[in-house]
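Here's the structure, in structure tokens; my notes come after.
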């Protein structure tokens with residue numbers, strides 16, 4: 001079954017930390033590696049950034065089928081003086097449609113002579 005083009009995983013968090021501190025945690029290598037350990041994005045994979053507000057990273061699986069995705073961190077002040085953090089994770093290489101065809105589906109059926 002094909003997934004909708006706009007399918008994303010969106011997670012919203014309200015944090016007690018001020019926005020500047022959260023921004024450093026998601027945008028600077030020395031802090032981000034503490035959050036993600038070895039599995040997180042690195043700064044060489046930045047797709048886009050609006051300082052203090054949003055940063056997007058390209059991530060790629062280390063094993064086949066090497067699925068690529070974009071993870072975006074959006075930061076805004078919340079009403080309590082902390083930070084509203086939104087994390088959006090979406091598949092970047094949409095050509096992968098896992099499960100839409102069976103492995104032995106080679107195309108048109110053949111007619112065999114009797």
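Only the coordinates and a few stated rules stand behind these numbers; no lab work does. Since we're looking at a predicted model, the values are computed, not measured. Cβ placement follows ideal geometry from the backbone for every residue including glycine, while neighbour counts extend to all protein chains displayed.
Quick look at the numbers
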| read-out | value |
| --- | --- |
| Neighbour-count order for 55, 10, fewest beta carbons within 10 angstrom listed first | 10, 55 |
| Relative packing of peptides 13-19, 47-53, 83-89 - highest average C-beta neighbours within 10 Å first | 83-89, 13-19, 47-53 |
| Cα gyration tensor shape for region 9-91, rounded if a/c is under 1.5, else prolate or oblate | prolate |
